[in-house]
Amino acid sequence: MRVTVIRNKRRKRAAFYVTPEGIELRVPARLPKRLVDRALEKHDTWIRETLQNLPQQTSVLDEGLVFHGKNYPTKIDNGTTLRFDGSSFFVPRRWDENALAKHYEAWLRDRALEYVINQAPTYERLLGVKAKKIRIGHQKTRWGSCSSNGTISINVRLMLAPKEMMDYVIAHEWVHLVHFDHSASFWNTLQAIHPNTVTAKVWLKRHGHTLRLKKTD
């Protein structure tokens, strides 16, 4: 794990982001190298402590698989698909780590889409709006997004967190269908339909970097 400097012509100021792969320092495209180095030096202690505390990559077969904030053991069987019986995951004997990672993410994506679709009627009733499209993504730093055309995207990594975090992000993005900003009206509406907003925000800020999935093609 390391610090990656990313230059972006649309960025106006430098900022650090903790991702599952390490730390990113995102800076304006033309920011002088000396200022980048100064920022890295200034935050050296924080960088080292943060990198040290990030969870290390381990074998999912040894560590088990996570679903809705709980870790479940994996068991090898002679099947052909990843199965979950509520207490254990069953993994085909012929799969290696990469195959398991790929099918695990696909399984989580399917469960995430089902979860959002099942939650949607609640927010449609409360807010009087429907999403044009629902999609599941795998973003590094954004838990969700709402496009101007009404497409809501939810990060698959939220399926690793307790359900309350997924509920918060779904509510957050649905409110964007009414208030396409982060104005006082937005937060007041969100608080009204999701009273645990503050708790969920704090949890994601503190623990979001631990929600890790191996990137697959």
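Values quoted throughout were computed directly from the atomic coordinates according to the rules given, and no laboratory measurement underlies them. Computed from a prediction, not measured in an experiment: that's the story for all the values here. Cβ atoms come from the backbone with ideal geometry, glycine included; neighbour counts cover every protein chain shown.
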Exercise. In debye, nearest 20: dipole of the stretch 2-53 around its Cα centre with unit charges on the Cβ of K, R (+) and D, E (-)?
Worked result: 560
For this session: Select from Ser183, His172, Ile6 the residue farthest towards the positive end of the dipole of the chain; place +1 on Cβ of Lys and Arg, -1 on Cβ of Asp and Glu, and compute about the Cα centre.
Result: Ile6
Exercise. Under a GNM of the chain (C-alpha, springs under 10 Å), which listed residue has the highest mean-square fluctuation: Asn188, Asn78, Asn155?
Worked result: Asn78
Exercise. What residue among Asn149, Thr210, Val91 has its Cα farthest toward the positive end of the dipole of the stretch 60-210, where the charges are +1 on Lys, Arg and -1 on Asp, Glu, each on the Cβ?
Worked result: Asn149
For this session: Determine the dipole magnitude for the chain: charges of +1 sit on the beta-carbon of Lys and Arg, -1 on that of Asp and Glu, nothing else is charged, the reference point is the Cα centre, and the result goes in debye to the nearest 20.
Result: 1080
Seminar exercise, completed: Expressed as a whole-number percentage, the relative contact order of the chain with C-alpha contacts under 8 angstrom and at least six residues apart is 16
For this session: Have a look at the DSSP beta bridges in the chain and tell me what percent are antiparallel, nearest 5.
Result: 45
Problem set entry | Highest to lowest packing among 156-162, 198-204, scored as the average C-beta count within 10 Å | 156-162, 198-204
Exercise. By counting other Cβ atoms within 10 Å of each Cβ, how are Ile76, Ile154, Ile170, Ile136 ranked from fewest to most?
Worked result: Ile76, Ile136, Ile170, Ile154
Problem set entry | Helix-only mean residue ellipticity at 222 nm for the chain, each DSSP H run of n ≥ 4 adding -39500 (n - 2.57), per residue, nearest 500 | -13000 deg cm²/dmol
Seminar exercise, completed: Mean-square fluctuation maximum in Gaussian network of the chain, Cα pairs under 10 Å, restricted to Thr45, Thr122, Thr141, hits Thr45
Exercise. Lys pairs in the stretch 60-210, Cα-Cα under 21 Å, at least 8 apart or on separate chains: how many?
Worked result: 11
Problem set entry | Cross-link partners of Lys214 among aspartates and glutamates (Cα-Cα below 19 Å; sequence separation of 8 or more within a chain) | Glu21, Glu24, Asp62, Glu63, Asp96, Glu97, Glu105, Asp110
